[in-house]
Amino acid sequence: MKVATKNQYAVITGASQGLGKAFALSLAKRKHNLILISLPNQNLKGLAQHIKETYKVEVPYFETDFSSDENILSLTNELNKNYDVDILINNAGTGGTKKLEDVSLNYLNTIIQVNVKATSIFIHQLLPNLKQQSRAYILNVSSIAAFSPIGYKTVYPASKAFVHSFSLGLSEELKDSNISVSVINPGAMKTNPEITARIEKQGFLGKLTLLEPEKVAEYSIRKMFKGKIFILINPMSWFFSTLLPNWIKIPMMTNIVKREA
Ligand SMILES: NC(=O)c1ccc[n+]([C@@H]2O[C@H](COP(=O)([O-])OP(=O)(O)OC[C@H]3O[C@@H](n4cnc5c(N)ncnc54)[C@H](OP(=O)(O)O)[C@@H]3O)[C@@H](O)[C@H]2O)c1
């Protein structure tokens, strides 16, 4: 088990609940200091306080909306000025199931901004900081959806395919450096009431591959510290999504999620 140097911090985005919170708890148990980031008004203060008291680690926290580059840049500047960051977990992400003709421009922009741009900007801005540490880790959260285009979701799987591709490319680019880059592609997790309701609507197939966020986080952190690049979370879903040809899987996946639209 890796124990961090006293002054190093793990930055976790989307940390107030779900998988992000599970990552935070998993690292706190390892006595790693955390920097928690969430949208405003998600009771992040309460979570930070709880982790600080329970695990005796430092837990500064920041609330901001990633929907503008300026917000992300002002946050990363502050982090670079004040903290040594040795772990960056890009967990924040957003999506939905709607007919493309029914969505607003804001809906499209937010998915691309949070999933694609925030992930890229965070890494780009924190890279010099990560390089200064003796050993550093980046863990990006993609999705099993990265392996299959899906009607009514369209932008979300495409954005997660970006995260997967970006991670593998960056990992190769940094392979001789102190920074190890990992990516996970989890299947459905019951992380919040909205997602839970969506999964319930997907019927048998949706429920079959359900994952617990705490187990996903713990497994991912273990593999991340071992320097694993592609951390396979759900082998069965991955096997089917890479094995099945597009003419079978795209209509099949689209039919499954259509009930949510
Ligand atoms: N749940 C699943 O079934 C599933 C499956 C595959 C992949 N994933 C991926 O796993 C990651 C975590 O998902 P989750 O289910 O735990 O939570 P989630 O409800 O999908 O949301 C992820 C978190 O991202 C943060 N976020 C969303 N919009 C943001 C914005 N505009 N600015 C800043 N932060 C924003 C929020 O964090 P705060 O609430 O802390 O503000 C939000 O809780 C996501 O990247 C998701 O795409 C989830």
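Mind putting a number on the dipole of region 174-261 about its Cα centre? Charges go on the C-beta only, +1 for Lys and Arg and -1 for Asp and Glu, and I need it in Debye to the nearest 20. Before the final figure, lay out the partial values.
Working: 13 positive and 7 negative charges, 32 e Å.
With Lys and Arg at +1 and Asp and Glu at -1, about 160 debye.
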May I ask you to list the aspartates and glutamates whose Cα is less than 12 Å away from that of K117, ignoring any residue fewer than eight positions away on the same chain?
D69, E70
Provide the per-residue ³J(HN,Hα) series for region 113-121, in order, calculated from phi with Karplus coefficients 6.51, -1.76, 1.60 and θ = phi - 60°, each as a whole number of Hz, with x at glycine and proline positions.
5, 6, 7, 8, 6, 4, 4, 5, 5
Choose one of P245, F162, V59: the residue whose Cα lies farthest towards the positive end of the charge dipole of region 8-258 (beta-carbon charges +1 Lys, Arg; -1 Asp, Glu; about the Cα centre).
P245
Which distance in nm do the two modelled labels at T54 and I112 give, with both placed 7 Å along the Cα-to-Cβ direction?
3.9 nm
Using the Cα centre of region 8-258 as the reference point, and only Cβ charges (+1 on K/R, -1 on D/E), how large is the resulting charge dipole? Debye, rounded to the nearest 20.
760 debye
Between 0 and 90 degrees, rounded to the nearest ten: what's the tilt of helix 44-55 against the longest Cα principal axis of the chain?
60 degrees
For S74, what charge total do you get from the other residues with a beta carbon under 14 Å from its beta carbon, if Lys and Arg give +1 and Asp and Glu give -1?
-4
Amide H proximity to L139 below 5 Å, modelled H, separation 5+ or other chain, gives L88, I89, N90, S182
Between E173, E218, E63, find the one with the highest GNM mean-square fluctuation for the chain; connect C-alpha pairs within less than 10 Å.
E173
Residue among L232, L108, L34 with the largest mean-square fluctuation in a Gaussian network model of the chain, springs linking Cα atoms under 10 Å
L108
Net charge (Lys, Arg +1; Asp, Glu -1) of residues whose beta-carbon lies under 12 Å from that of F62, F62 excluded, is -2
Sequence order, region 236-251: Karplus ³J(HN,Hα) from phi using 6.51 cos²θ - 1.76 cosθ + 1.60, θ = phi - 60°, Hz rounded, Gly and Pro as x, gives 5, 4, 5, 4, 5, 6, 8, 7, 5, x, 4, 5, 8, 6, 5, x
Considering only T242, T76, T94, give the residue with the highest GNM mean-square fluctuation for the chain, with springs between Cα atoms whenever their separation is below 10 Å.
T242
L100/N77 FRET efficiency (R0 30 Å; Cβ-Cβ; nearest 0.05)
0.25
Among K98/K201; K190/K215; K175/K228; K131/K223; K223/K249, the pairs whose Cα-Cα distance exceeds 23 Å are K223/K249
Spin-label proximity, N246 to region 138-154 - amide N less than 18 Å from point 7 Å beyond Cα toward beta carbon
145-154
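Each value in this text was obtained by applying a stated rule to the coordinates, not by laboratory testing. Only a predicted model underlies this, so the values are computations on that prediction, with no experimental measurement involved. Here the Cβ is made from the backbone with ideal geometry for all residues, glycine too, and neighbour counts use every protein chain on show.
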